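Asks: If you scroll down you'll find the structure; I have some questions about it.
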Amino acid sequence: FPKSLRGSRKQAFGGLEGSWTQRGKRGGCMRGHPGHRSKRFHIMGVDVKYVTVLVLFMLIGVYLGDMRSKATSHGSHAPLNEALVTEKIQAEVRSQVTHAMQGLQESGKKVYPKVAHLPASKRMRILVTGGAGFVGSHLVDRLMYQGHDVIVADNLFTGSRKNIQHWIGHPHFTMMVTDITEPLRVEVDRIFHLACPASPPHYQYNPIKTIKTSTTGTLNMLGLAKRLRARILFTSTSEVYGDPKEHPQKESYHGNVNPIGPRACYDEGKRVAETMMYAYQAQANVDVRVARIFNTFGPRMNPYDGRVVSNFIIQALQSKDITVYGNGKATRSFQYVDDLVNGLLQLMESDYDQPCNLGNPDEYTIKEFAELVVSQIDSNSTIVYKPKTTDDPQQRKPDISVANKNIGWKPVVSVKEGLKKTIDYFSKELGEVGEINPTGPGQFASVSKSSR
(Lines give C-alpha, C1' and ligand atoms only; values in the text may rest on other atoms or scores of the structure.)
Protein backbone atom coordinates (compact mmCIF):
# COMPACT_ATOMS: atom_id res chain seq x y z
CA PHE A 1 0.00 0.00 0.00
CA PRO A 2 1.53 3.44 -0.91
CA LYS A 3 3.20 5.04 2.11
CA SER A 4 1.62 8.40 1.33
CA LEU A 5 -1.83 6.89 1.74
CA ARG A 6 -1.34 4.81 4.88
CA GLY A 7 -2.59 7.63 7.08
CA SER A 8 -5.65 8.17 4.95
CA ARG A 9 -6.35 4.43 5.03
CA LYS A 10 -6.45 4.51 8.81
CA GLN A 11 -8.74 7.52 8.73
CA ALA A 12 -11.00 5.87 6.19
CA PHE A 13 -11.22 2.42 7.74
CA GLY A 14 -9.75 2.60 11.23
CA GLY A 15 -12.84 3.87 13.02
CA LEU A 16 -15.03 1.29 11.35
CA GLU A 17 -12.63 -1.53 12.15
CA GLY A 18 -12.45 -0.40 15.74
CA SER A 19 -16.21 -0.38 16.13
CA TRP A 20 -16.49 -3.89 14.70
CA THR A 21 -13.73 -5.11 17.00
CA GLN A 22 -15.44 -3.76 20.07
CA ARG A 23 -18.78 -5.28 19.12
CA GLY A 24 -17.14 -8.59 18.35
CA LYS A 25 -15.83 -8.74 21.93
CA ARG A 26 -19.26 -8.36 23.49
CA GLY A 27 -20.59 -11.37 25.30
CA GLY A 28 -23.40 -13.33 23.74
CA CYS A 29 -22.71 -12.35 20.14
CA MET A 30 -23.05 -15.18 17.67
CA ARG A 31 -21.65 -16.00 14.30
CA GLY A 32 -23.66 -14.42 11.51
CA HIS A 33 -24.79 -11.52 13.70
CA PRO A 34 -23.45 -7.97 13.16
CA GLY A 35 -22.06 -8.08 16.69
CA HIS A 36 -19.55 -10.70 15.55
CA ARG A 37 -18.50 -9.47 12.13
CA SER A 38 -14.91 -9.90 11.06
CA LYS A 39 -12.86 -6.77 10.43
CA ARG A 40 -12.65 -7.26 6.69
CA PHE A 41 -15.09 -8.17 3.98
CA HIS A 42 -13.71 -10.68 1.49
CA ILE A 43 -14.93 -11.87 -1.88
CA MET A 44 -13.23 -15.01 -3.13
CA GLY A 45 -10.47 -14.49 -0.54
CA VAL A 46 -9.62 -10.90 -1.58
CA ASP A 47 -10.10 -7.90 0.72
CA VAL A 48 -12.60 -5.67 -1.06
CA LYS A 49 -11.27 -2.45 0.52
CA TYR A 50 -7.79 -2.88 -0.92
CA VAL A 51 -9.09 -4.04 -4.29
CA THR A 52 -11.37 -1.01 -4.56
CA VAL A 53 -8.59 1.45 -3.70
CA LEU A 54 -6.19 -0.28 -6.09
CA VAL A 55 -8.74 -0.19 -8.92
CA LEU A 56 -9.44 3.47 -8.20
CA PHE A 57 -5.79 4.51 -8.48
CA MET A 58 -5.22 2.39 -11.57
CA LEU A 59 -8.17 4.07 -13.25
CA ILE A 60 -6.91 7.49 -12.21
CA GLY A 61 -3.56 6.73 -13.83
CA VAL A 62 -5.14 5.38 -16.99
CA TYR A 63 -7.47 8.33 -17.43
CA LEU A 64 -4.86 10.99 -16.64
CA GLY A 65 -2.48 9.37 -19.10
CA ASP A 66 -5.22 9.13 -21.71
CA MET A 67 -6.28 12.75 -21.26
CA ARG A 68 -2.71 14.01 -21.44
CA SER A 69 -1.96 11.95 -24.54
CA LYS A 70 -5.03 13.30 -26.28
CA ALA A 71 -4.13 16.86 -25.36
CA THR A 72 -0.56 16.39 -26.59
CA SER A 73 -1.66 14.78 -29.85
CA HIS A 74 -3.79 17.84 -30.64
CA GLY A 75 -0.90 20.17 -29.90
CA SER A 76 -2.81 21.70 -27.03
CA HIS A 77 -1.13 22.78 -23.80
CA ALA A 78 -4.38 23.89 -22.12
CA PRO A 79 -4.80 22.74 -18.48
CA LEU A 80 -6.92 19.63 -17.83
CA ASN A 81 -10.50 20.05 -16.67
CA GLU A 82 -10.12 18.34 -13.26
CA ALA A 83 -13.87 18.25 -12.56
CA LEU A 84 -14.49 16.48 -15.88
CA VAL A 85 -11.70 13.98 -15.19
CA THR A 86 -13.06 13.29 -11.69
CA GLU A 87 -16.58 12.75 -13.04
CA LYS A 88 -15.32 10.34 -15.68
CA ILE A 89 -13.29 8.40 -13.13
CA GLN A 90 -16.24 8.08 -10.76
CA ALA A 91 -18.51 6.88 -13.56
CA GLU A 92 -15.95 4.30 -14.68
CA VAL A 93 -15.38 3.05 -11.13
CA ARG A 94 -19.11 2.58 -10.62
CA SER A 95 -19.35 0.74 -13.91
CA GLN A 96 -16.41 -1.53 -13.12
CA VAL A 97 -17.63 -2.37 -9.61
CA THR A 98 -21.13 -3.11 -10.89
CA HIS A 99 -19.71 -5.32 -13.62
CA ALA A 100 -17.49 -7.15 -11.12
CA MET A 101 -20.41 -7.81 -8.73
CA GLN A 102 -22.60 -9.07 -11.56
CA GLY A 103 -19.80 -11.41 -12.54
CA LEU A 104 -19.59 -12.77 -9.00
CA GLN A 105 -23.36 -13.33 -8.91
CA GLU A 106 -23.34 -15.08 -12.26
CA SER A 107 -20.46 -17.29 -11.13
CA GLY A 108 -22.55 -18.74 -8.29
CA LYS A 109 -22.09 -16.24 -5.47
CA LYS A 110 -25.20 -16.26 -3.23
CA VAL A 111 -27.50 -13.29 -3.77
CA TYR A 112 -29.85 -12.33 -0.94
CA PRO A 113 -33.26 -10.67 -1.16
CA LYS A 114 -33.08 -6.88 -0.94
CA VAL A 115 -33.41 -5.48 2.58
CA ALA A 116 -33.85 -1.94 3.88
CA HIS A 117 -30.85 -0.20 5.41
CA LEU A 118 -31.84 1.18 8.80
CA PRO A 119 -29.70 3.47 10.95
CA ALA A 120 -28.41 1.84 14.13
CA SER A 121 -30.86 3.87 16.21
CA LYS A 122 -33.83 2.26 14.43
CA ARG A 123 -32.50 -1.22 13.72
CA MET A 124 -33.60 -3.78 16.32
CA ARG A 125 -32.24 -7.18 17.18
CA ILE A 126 -35.22 -9.54 17.14
CA LEU A 127 -35.55 -13.15 18.32
CA VAL A 128 -38.13 -15.36 16.58
CA THR A 129 -38.66 -18.73 18.26
CA GLY A 130 -40.05 -21.24 15.78
CA GLY A 131 -38.73 -19.00 13.01
CA ALA A 132 -38.10 -21.88 10.59
CA GLY A 133 -41.75 -22.92 10.70
CA PHE A 134 -44.67 -22.01 8.47
CA VAL A 135 -45.75 -18.74 10.09
CA GLY A 136 -42.37 -17.99 11.66
CA SER A 137 -40.49 -18.00 8.36
CA HIS A 138 -42.92 -15.50 6.81
CA LEU A 139 -42.49 -13.27 9.86
CA VAL A 140 -38.69 -13.55 9.53
CA ASP A 141 -38.95 -12.46 5.89
CA ARG A 142 -40.82 -9.30 6.84
CA LEU A 143 -38.44 -8.42 9.66
CA MET A 144 -35.43 -8.92 7.38
CA TYR A 145 -36.98 -6.83 4.60
CA GLN A 146 -37.49 -4.06 7.14
CA GLY A 147 -33.76 -4.06 7.88
CA HIS A 148 -33.65 -5.58 11.36
CA ASP A 149 -31.18 -8.12 12.73
CA VAL A 150 -33.03 -11.43 13.18
CA ILE A 151 -32.13 -14.45 15.30
CA VAL A 152 -34.11 -17.65 14.69
CA ALA A 153 -34.29 -20.33 17.39
CA ASP A 154 -35.85 -23.57 16.14
CA ASN A 155 -35.38 -27.28 16.84
CA LEU A 156 -36.67 -28.13 13.32
CA PHE A 157 -39.29 -30.60 14.56
CA THR A 158 -41.98 -29.09 12.35
CA GLY A 159 -39.90 -26.29 10.85
CA SER A 160 -37.51 -26.60 7.90
CA ARG A 161 -34.22 -25.05 6.86
CA LYS A 162 -35.73 -24.76 3.41
CA ASN A 163 -38.12 -22.08 4.71
CA ILE A 164 -35.27 -19.74 5.68
CA GLN A 165 -32.53 -20.98 3.34
CA HIS A 166 -32.54 -17.70 1.40
CA TRP A 167 -31.30 -15.83 4.51
CA ILE A 168 -28.61 -18.22 5.74
CA GLY A 169 -25.25 -16.45 5.60
CA HIS A 170 -26.76 -12.96 5.49
CA PRO A 171 -24.95 -10.64 7.95
CA HIS A 172 -28.27 -9.63 9.57
CA PHE A 173 -29.45 -13.21 10.08
CA THR A 174 -28.54 -15.89 12.63
CA MET A 175 -29.94 -19.42 12.78
CA MET A 176 -29.76 -21.34 16.06
CA VAL A 177 -30.80 -25.01 15.98
CA THR A 178 -31.84 -25.28 19.60
CA ASP A 179 -34.76 -26.12 21.85
CA ILE A 180 -36.44 -23.37 23.84
CA THR A 181 -37.00 -25.73 26.76
CA GLU A 182 -33.30 -24.98 27.34
CA PRO A 183 -32.28 -21.42 28.30
CA LEU A 184 -31.11 -19.11 25.50
CA ARG A 185 -28.33 -16.60 26.08
CA VAL A 186 -28.81 -13.87 23.50
CA GLU A 187 -29.16 -10.09 23.53
CA VAL A 188 -32.30 -8.82 21.81
CA ASP A 189 -34.81 -5.95 21.78
CA ARG A 190 -37.93 -7.89 20.79
CA ILE A 191 -39.06 -11.52 21.18
CA PHE A 192 -41.66 -13.14 18.93
CA HIS A 193 -42.41 -16.42 20.74
CA LEU A 194 -43.98 -18.76 18.17
CA ALA A 195 -42.29 -22.07 18.97
CA CYS A 196 -44.72 -24.97 19.45
CA PRO A 197 -46.14 -27.67 17.14
CA ALA A 198 -49.59 -26.45 16.16
CA SER A 199 -51.38 -29.28 14.32
CA PRO A 200 -52.93 -32.32 16.07
CA PRO A 201 -50.71 -34.96 14.39
CA HIS A 202 -47.62 -33.01 15.46
CA TYR A 203 -48.54 -31.91 18.98
CA GLN A 204 -50.05 -35.32 19.80
CA TYR A 205 -46.91 -37.14 18.62
CA ASN A 206 -45.19 -36.22 21.91
CA PRO A 207 -47.78 -34.58 24.18
CA ILE A 208 -45.41 -34.23 27.16
CA LYS A 209 -42.90 -32.36 24.99
CA THR A 210 -45.73 -30.17 23.70
CA ILE A 211 -46.64 -29.24 27.28
CA LYS A 212 -42.98 -28.54 28.10
CA THR A 213 -42.66 -26.28 25.06
CA SER A 214 -45.65 -24.19 26.13
CA THR A 215 -44.67 -24.07 29.81
CA THR A 216 -40.91 -24.40 30.30
CA GLY A 217 -40.24 -22.80 26.92
CA THR A 218 -42.46 -19.83 27.70
CA LEU A 219 -40.91 -19.44 31.16
CA ASN A 220 -37.48 -19.31 29.53
CA MET A 221 -38.60 -16.66 27.05
CA LEU A 222 -40.25 -14.59 29.79
CA GLY A 223 -37.10 -14.82 31.88
CA LEU A 224 -35.10 -13.59 28.91
CA ALA A 225 -37.54 -10.73 28.33
CA LYS A 226 -37.37 -9.77 32.00
CA ARG A 227 -33.56 -9.69 32.06
CA LEU A 228 -33.27 -7.72 28.84
CA ARG A 229 -36.35 -5.50 29.39
CA ALA A 230 -37.43 -6.68 25.95
CA ARG A 231 -41.00 -6.71 24.72
CA ILE A 232 -42.32 -10.23 24.11
CA LEU A 233 -45.23 -11.32 21.90
CA PHE A 234 -46.67 -14.79 22.53
CA THR A 235 -48.65 -16.53 19.80
CA SER A 236 -51.54 -18.20 21.53
CA THR A 237 -54.38 -19.89 19.66
CA SER A 238 -58.10 -19.99 19.09
CA GLU A 239 -57.89 -23.44 20.71
CA VAL A 240 -57.96 -21.72 24.12
CA TYR A 241 -61.71 -21.39 23.41
CA GLY A 242 -62.03 -25.18 23.01
CA ASP A 243 -65.34 -26.32 21.54
CA PRO A 244 -67.01 -22.94 22.06
CA LYS A 245 -70.52 -22.26 23.27
CA GLU A 246 -70.16 -18.62 22.17
CA HIS A 247 -70.17 -17.72 18.49
CA PRO A 248 -68.29 -15.83 17.17
CA GLN A 249 -65.58 -15.97 19.84
CA LYS A 250 -64.57 -12.78 21.65
CA GLU A 251 -61.44 -12.38 23.76
CA SER A 252 -63.64 -12.13 26.86
CA TYR A 253 -64.94 -15.69 26.35
CA HIS A 254 -63.24 -18.11 28.79
CA GLY A 255 -63.66 -21.18 26.62
CA ASN A 256 -64.91 -24.76 26.85
CA VAL A 257 -61.84 -27.02 27.00
CA ASN A 258 -61.51 -30.67 28.02
CA PRO A 259 -58.40 -30.65 30.28
CA ILE A 260 -57.72 -34.38 29.87
CA GLY A 261 -58.60 -34.97 26.20
CA PRO A 262 -56.17 -35.70 23.35
CA ARG A 263 -56.00 -32.01 22.41
CA ALA A 264 -55.39 -30.84 25.98
CA CYS A 265 -51.59 -30.91 25.73
CA TYR A 266 -51.85 -28.08 23.21
CA ASP A 267 -55.01 -26.27 24.36
CA GLU A 268 -54.18 -26.20 28.07
CA GLY A 269 -50.50 -25.60 27.37
CA LYS A 270 -51.39 -22.39 25.53
CA ARG A 271 -53.85 -21.38 28.25
CA VAL A 272 -51.27 -21.71 31.03
CA ALA A 273 -48.71 -19.89 28.87
CA GLU A 274 -51.11 -16.94 28.67
CA THR A 275 -51.37 -17.10 32.48
CA MET A 276 -47.57 -16.91 32.70
CA MET A 277 -47.45 -13.90 30.38
CA TYR A 278 -49.77 -11.85 32.55
CA ALA A 279 -48.20 -13.07 35.81
CA TYR A 280 -44.84 -11.75 34.59
CA GLN A 281 -46.50 -8.53 33.52
CA ALA A 282 -48.10 -8.01 36.94
CA GLN A 283 -45.19 -9.14 39.10
CA ALA A 284 -42.09 -8.20 37.06
CA ASN A 285 -43.46 -5.45 34.80
CA VAL A 286 -42.57 -7.40 31.63
CA ASP A 287 -43.93 -5.77 28.46
CA VAL A 288 -46.18 -8.48 26.95
CA ARG A 289 -48.41 -8.98 23.93
CA VAL A 290 -50.70 -11.99 23.29
CA ALA A 291 -52.12 -12.93 19.88
CA ARG A 292 -54.84 -15.58 19.64
CA ILE A 293 -54.37 -16.99 16.15
CA PHE A 294 -57.18 -18.62 14.19
CA ASN A 295 -56.74 -21.09 11.29
CA THR A 296 -54.01 -19.83 8.97
CA PHE A 297 -52.86 -21.11 5.59
CA GLY A 298 -50.40 -20.28 2.83
CA PRO A 299 -47.11 -21.32 1.21
CA ARG A 300 -44.59 -23.26 3.35
CA MET A 301 -47.25 -25.20 5.24
CA ASN A 302 -45.84 -28.57 6.25
CA PRO A 303 -47.48 -31.09 3.88
CA TYR A 304 -47.64 -33.66 6.68
CA ASP A 305 -49.21 -31.46 9.36
CA GLY A 306 -52.71 -32.89 8.86
CA ARG A 307 -54.43 -29.50 8.58
CA VAL A 308 -57.63 -29.08 6.61
CA VAL A 309 -56.19 -26.73 3.98
CA SER A 310 -52.99 -28.64 3.22
CA ASN A 311 -54.72 -32.04 3.24
CA PHE A 312 -57.52 -30.95 0.92
CA ILE A 313 -55.17 -29.24 -1.56
CA ILE A 314 -52.70 -32.15 -1.69
CA GLN A 315 -55.49 -34.69 -2.13
CA ALA A 316 -57.21 -32.63 -4.83
CA LEU A 317 -53.99 -32.03 -6.76
CA GLN A 318 -53.44 -35.80 -6.89
CA SER A 319 -57.12 -36.51 -7.68
CA LYS A 320 -57.41 -38.54 -4.50
CA ASP A 321 -60.47 -38.72 -2.27
CA ILE A 322 -60.82 -35.72 0.01
CA THR A 323 -61.35 -36.96 3.55
CA VAL A 324 -63.73 -35.06 5.82
CA TYR A 325 -63.91 -36.18 9.46
CA GLY A 326 -67.47 -35.86 10.69
CA ASN A 327 -70.52 -34.81 8.71
CA GLY A 328 -68.82 -31.74 7.18
CA LYS A 329 -71.05 -29.27 9.02
CA ALA A 330 -68.38 -28.08 11.47
CA THR A 331 -67.14 -24.59 10.61
CA ARG A 332 -63.74 -22.94 10.33
CA SER A 333 -62.48 -19.47 9.46
CA PHE A 334 -59.32 -19.32 7.35
CA GLN A 335 -56.87 -16.41 7.09
CA TYR A 336 -53.95 -16.05 4.69
CA VAL A 337 -50.51 -15.98 6.27
CA ASP A 338 -49.63 -12.47 5.03
CA ASP A 339 -52.59 -11.04 6.93
CA LEU A 340 -51.49 -12.82 10.09
CA VAL A 341 -47.93 -11.48 9.81
CA ASN A 342 -49.31 -7.96 9.40
CA GLY A 343 -51.35 -8.46 12.56
CA LEU A 344 -48.40 -9.78 14.57
CA LEU A 345 -46.23 -6.83 13.57
CA GLN A 346 -48.94 -4.29 14.30
CA LEU A 347 -49.75 -5.86 17.68
CA MET A 348 -46.08 -5.97 18.70
CA GLU A 349 -45.59 -2.26 18.01
CA SER A 350 -48.93 -1.15 19.44
CA ASP A 351 -49.71 -0.06 23.00
CA TYR A 352 -52.38 -2.74 23.38
CA ASP A 353 -51.32 -5.46 25.84
CA GLN A 354 -54.43 -7.63 26.26
CA PRO A 355 -55.26 -10.83 24.29
CA CYS A 356 -56.10 -10.07 20.67
CA ASN A 357 -57.85 -12.33 18.14
CA LEU A 358 -56.17 -12.50 14.72
CA GLY A 359 -58.27 -14.33 12.16
CA ASN A 360 -60.54 -13.98 9.15
CA PRO A 361 -64.28 -13.92 10.04
CA ASP A 362 -65.09 -15.43 6.62
CA GLU A 363 -66.61 -18.71 7.84
CA TYR A 364 -67.01 -21.99 5.89
CA THR A 365 -68.36 -25.40 6.74
CA ILE A 366 -65.73 -28.08 6.16
CA LYS A 367 -67.86 -29.49 3.33
CA GLU A 368 -68.12 -26.06 1.65
CA PHE A 369 -64.38 -25.55 1.93
CA ALA A 370 -63.62 -28.97 0.44
CA GLU A 371 -65.90 -28.15 -2.52
CA LEU A 372 -64.16 -24.78 -2.93
CA VAL A 373 -60.73 -26.43 -3.10
CA VAL A 374 -61.92 -28.96 -5.69
CA SER A 375 -63.42 -26.17 -7.83
CA GLN A 376 -60.25 -24.06 -7.62
CA ILE A 377 -58.11 -26.97 -8.82
CA ASP A 378 -60.67 -28.43 -11.25
CA SER A 379 -59.98 -31.81 -9.70
CA ASN A 380 -61.72 -35.15 -10.13
CA SER A 381 -61.57 -35.80 -6.38
CA THR A 382 -64.66 -36.86 -4.50
CA ILE A 383 -65.45 -36.09 -0.87
CA VAL A 384 -65.58 -39.05 1.53
CA TYR A 385 -66.72 -38.87 5.14
CA LYS A 386 -65.05 -40.57 8.09
CA PRO A 387 -65.82 -40.62 11.83
CA LYS A 388 -65.46 -37.37 13.75
CA THR A 389 -62.32 -36.93 15.87
CA THR A 390 -62.46 -36.54 19.67
CA ASP A 391 -63.02 -32.99 21.00
CA ASP A 392 -62.88 -31.48 17.52
CA PRO A 393 -64.46 -27.97 17.76
CA GLN A 394 -67.74 -27.74 15.88
CA GLN A 395 -67.56 -24.01 15.14
CA ARG A 396 -64.79 -21.49 14.90
CA LYS A 397 -65.11 -17.81 13.95
CA PRO A 398 -63.21 -14.85 15.41
CA ASP A 399 -64.66 -11.59 16.57
CA ILE A 400 -61.91 -9.17 15.46
CA SER A 401 -63.40 -5.93 16.73
CA VAL A 402 -60.63 -5.64 19.35
CA ALA A 403 -57.91 -5.92 16.70
CA ASN A 404 -59.71 -3.49 14.43
CA LYS A 405 -60.19 -0.90 17.18
CA ASN A 406 -56.87 -1.16 19.06
CA ILE A 407 -54.26 -2.00 16.43
CA GLY A 408 -56.06 -0.99 13.22
CA TRP A 409 -55.93 -4.50 11.76
CA LYS A 410 -58.23 -6.57 9.58
CA PRO A 411 -57.54 -9.23 6.92
CA VAL A 412 -57.29 -8.01 3.34
CA VAL A 413 -56.50 -11.20 1.38
CA SER A 414 -59.60 -13.17 0.38
CA VAL A 415 -59.74 -16.91 0.95
CA LYS A 416 -59.93 -17.56 -2.80
CA GLU A 417 -56.91 -15.36 -3.50
CA GLY A 418 -54.92 -17.04 -0.75
CA LEU A 419 -55.95 -20.49 -1.96
CA LYS A 420 -54.61 -19.77 -5.45
CA LYS A 421 -51.16 -18.94 -4.03
CA THR A 422 -51.20 -21.96 -1.74
CA ILE A 423 -52.28 -24.31 -4.53
CA ASP A 424 -49.41 -23.02 -6.71
CA TYR A 425 -47.00 -23.72 -3.84
CA PHE A 426 -48.15 -27.30 -3.30
CA SER A 427 -48.16 -27.95 -7.06
CA LYS A 428 -44.44 -27.13 -7.09
CA GLU A 429 -43.84 -29.27 -4.00
CA LEU A 430 -45.51 -32.26 -5.64
CA GLY A 431 -43.45 -31.66 -8.77
CA GLU A 432 -40.27 -31.90 -6.68
CA VAL A 433 -41.07 -34.80 -4.34
CA GLY A 434 -43.69 -36.78 -6.24
CA GLU A 435 -46.56 -38.35 -4.31
CA ILE A 436 -47.52 -36.97 -0.88
CA ASN A 437 -49.82 -38.88 1.46
CA PRO A 438 -51.36 -36.41 3.91
CA THR A 439 -51.49 -37.22 7.62
CA GLY A 440 -54.85 -38.01 9.18
CA PRO A 441 -56.10 -38.32 12.77
CA GLY A 442 -54.24 -40.98 14.72
CA GLN A 443 -51.37 -40.93 12.21
CA PHE A 444 -48.81 -39.10 14.31
CA ALA A 445 -46.45 -37.09 12.12
CA SER A 446 -42.96 -37.89 13.36
CA VAL A 447 -39.96 -35.68 12.72
CA SER A 448 -38.83 -38.03 9.95
CA LYS A 449 -41.80 -36.95 7.84
CA SER A 450 -41.09 -33.23 8.17
CA SER A 451 -39.29 -31.81 5.17
CA ARG A 452 -35.78 -30.56 5.73
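The values are calculated or read from the model by the stated rules, or taken from the named source; none is laboratory data. On a predicted model such as this, the values are computed, not experimentally measured, just so you know. Every residue, glycine among them, receives a Cβ derived from its backbone with ideal geometry; neighbour counts consider all protein chains shown. Side chains included, ligands, DNA and RNA excluded: accessible areas come from the protein's heavy atoms. Shrake-Rupley method; radii C 1.70, N 1.55, O 1.52, S 1.80 Å.
Asks: Can you send over the carbon and sulfur percentage of the accessible area for segment 285-376, probe radius 1.4 Å, protein chains only? Don't skip to the end; give the middle numbers.
Replies: Values: 1150 of 2790 Å².
Of the solvent-accessible surface of segment 285-376, carbon and sulfur hold 41 percent.
Asks: Hey, can you find the accessible area per residue of segment 296-402 for me, probe 1.4 Å, expressed in square angstrom?
Replies: 37
Asks: Considering amide H positions built from the backbone, and no H for Pro or chain starts, which residues 5 or more places from Gln249, or on another chain, come under 5 Å of its amide H?
Replies: Hits under the 5 Å cutoff: Lys397, Asp399.
Asks: Using the Kirkwood radius over C-alpha pairs as Rh, can you work out the diffusion coefficient of segment 138-270 via Stokes-Einstein at 25 °C, viscosity 0.890 mPa s, in µm² per second?
Replies: On the way: Rh = 16.3 Å.
Translational D for this selection: 151 µm²/s.
Asks: Could I ask something else about it? Placing +1 at every Lys and Arg Cβ and -1 at every Asp and Glu Cβ, with all other atoms neutral, what dipole size does segment 172-302 have around its Cα centre, in debye to the nearest 20?
Replies: It comes to approximately 220 debye.
Asks: Give, in nm to one decimal, the length gained when the segment between Asp392 and Leu219 is fully stretched (0.36 nm per residue of separation minus the Cα-Cα distance).
Replies: This chain segment gains 59.4 nm when fully extended.
Asks: Full-extension gain between Ser319 and Ser427, please, as 0.36 nm times their residue separation minus the C-alpha to C-alpha distance.
Replies: Full-extension gain reported as 37.6 nm.
Asks: Looking at this model, which pairs from Lys245/Lys270; Lys110/Lys416; Lys250/Lys329; Lys320/Lys421 are more than 29 angstrom apart at the alpha-carbon? Let's see the in-between values first.
Replies: Values: Lys245/Lys270 19 Å; Lys110/Lys416 35 Å; Lys250/Lys329 22 Å; Lys320/Lys421 21 Å.
From Lys245/Lys270; Lys110/Lys416; Lys250/Lys329; Lys320/Lys421, over 29 Å: Lys110/Lys416.
Asks: Rg/Rh for segment 274-379: what does it come to with C-alpha atoms and Rh from Kirkwood?
Replies: Values: Rg = 17.6 Å, Rh = 15.9 Å.
Result for segment 274-379 is an Rg/Rh of 1.10.
Asks: What accessible area per residue comes out for segment 150-209, rounded to a whole number of Å², with a 1.4 Å probe?
Replies: Normalised by residue count, the accessible surface of segment 150-209 is 38 Å².
Asks: Straight-line reach from Lys410: which aspartates and glutamates have Cα under 14 Å away, leaving out those fewer than 8 places along the same chain?
Replies: Correct list for Lys410: Asp338, Asp339, Asp362, Asp399.
Asks: Here's another thing I want to ask about it. With a/c under 1.5 counting as rounded, go ahead and sort segment 159-211 into rounded, prolate or oblate using the C-alpha gyration tensor (a ≥ b ≥ c being the square roots of the eigenvalues; past the cut-off, prolate if a/b is larger than b/c, else oblate). All intermediate terms of the calculation are to be shown ahead of the outcome.
Replies: Details: a/c = 2.62, a/b = 1.53, b/c = 1.71.
The shape class here is oblate.
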